[in-house]
Amino acid sequence: MSEALCVDLLVRGQPQAFVDLFSLTHSSNDTASSTTNASSTPQPASLPEETAAAISQELVVAHDAQREGDFEASYNAYQQLAEHFPSYEHLPNAKLFYTRCLQIATEHSWTEGQAAAHTNLGTS
């Protein structure tokens, strides 16, 4: 089913959401490439189908909001995505999405968002 979700993202014109979801749901056999991209690409996680579907939708919301210039909606979507990965084994994914929150807040000089993102990064 996660393959169908990934294909659906491509068909809907969501290439970055596809990359993120594919990375979250598929393990890589190439450990060298996964370590070089660890800071910019989610790490594979074992996700139930309903969770993968919810994450897929949240990725679409985040990317659509960015395209439309609604940085707060994009920030909130990435924060929701980070909260899908509370356990230690998925900590890199939470940190990745909290880092995206920080990037968005920094790009838009949004002090409140920066503070919240720093707090989330510090506590995750």
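Provide the net charge surrounding Ser74, with neighbours chosen by a C-beta distance below 11 Å and charges set as Lys +1, Arg +1, Asp -1, Glu -1. With Lys, Arg at +1 and Asp, Glu at -1, the neighbours total -4. A simple spin-label model places pseudo-atoms 7 Å from Cα toward Cβ; at Ala115 and His26 they are separated by 4.2 nm.
Taking all protein chains together and a 1.4 Å probe, the residues Arg12, Arg100, Arg67 rank Arg67, Arg12, Arg100 from largest to smallest accessible area. What the phi angles of the stretch 78-84 give under the Karplus curve with 6.51, -1.76 and 1.60, with θ = phi - 60°, is a coupling list of 5, 5, 4, 4, 4, 6, 6 Hz, glycine and proline written as x. Placing +1 on the Cβ of every Lys and Arg and -1 on the Cβ of every Asp and Glu, with nothing else charged, gives the stretch 57-117 a dipole about its Cα centre of roughly 200 debye.
The values are calculated or read from the model by the stated rules, or taken from the named source; none is laboratory data. Just so it is clear, the structure is predicted and the values come from calculations on it, not from any experiment. When we count neighbours, we look across all protein chains shown, and the Cβ atoms used for this are built from the backbone with ideal geometry, even at glycine. Areas reflect the complete protein model, heavy atoms only, side chains present, ligands, DNA and RNA absent. Shrake-Rupley method; radii C 1.70, N 1.55, O 1.52, S 1.80 Å.
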